[in-house]
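Note sheet for the following structure.
Bear in mind that the values in this text are calculations on the coordinates, not laboratory data. These figures come from a predicted structure and were not determined experimentally. With ideal geometry, Cβ positions are generated from the backbone for all residues, glycine too; neighbour counts draw on all protein chains shown.
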Amino acid sequence: MSIQLQISILVYVMVQAVLFGVVTVLVLATPLAAVAMNLMPWVVCVSAVISVPVSWIIAPRLRARFLRQTAQSLLPAE
């Protein structure tokens, strides 16, 4: 299992929770609240599906800082 996949799995849970919360607030704070019981299963599914590519995009960015620090420590001292 690649490092990016491992980081993506960890980030997925957080991204999915945030997206679920944002979409839930949007549903409940708008006139869509009247049909919220019908929309909530869709909210769960949509937030779960959208979180996959978002977490895949975020994962390399989290690793970039470590890679920069490692590369600097490997440079010869001047």
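Rank V13, V44, V25 by mean-square fluctuation in a GNM of the chain with C-alpha springs under 10 angstrom and give only the top-ranked residue.
V25
Going by how many other Cβ atoms sit within 10 Å of their own, how do V18, V43 line up, fewest first?
Working: V18 13, V43 19.
If I rank by nearby Cβ atoms, fewest first, I get V18, V43.
With N set to the residue count of the range 16-78, report its C-alpha Rg divided by 2.2 N^0.38 Å to two decimal places.
Working: Rg = 19.9 Å, N = 63, 2.2 N^0.38 = 10.6 Å.
With N residues counted in the range 16-78, Rg over 2.2 N^0.38 Å equals 1.87.
Going by alpha carbons, how many degrees (0 to 90, nearest 10) lie between the helix axis of 36-74 and the longest principal axis of the chain?
So the helix axis and the longest Cα principal axis differ by about 10 degrees.
Roughly how tilted is helix 3-28, in degrees to the nearest 10 and between 0 and 90, from the longest Cα axis of the chain?
Its long axis makes an angle of about 30 degrees.
For a label point 7 angstrom out from the Cα of V46 toward its Cβ, which stretches of the range 1-22 have the backbone nitrogen within less than 18 Å?
15-22
Suppose a student asked you for the relative contact order of the range 1-61, using Cα pairs under 8 Å spaced at least 6 residues apart; what percent would you report? Walk me through the intermediate numbers first.
Details: 39 pairs, mean separation 35.6, N = 61.
Over the range 1-61, the number comes to 58 percent.
Among F20, F66, which comes first, then next, by fewest other beta-carbon atoms within 10 Å? Could the numbers behind the result be given before it?
Details: F20 18, F66 10.
In increasing order of surrounding Cβ atoms, one gets F66, F20.
Ranking M40, M14 by Cβ neighbours within 10 Å, fewest first, what do you get?
Values: M40 15, M14 12.
Going from least to most buried by this count: M14, M40.
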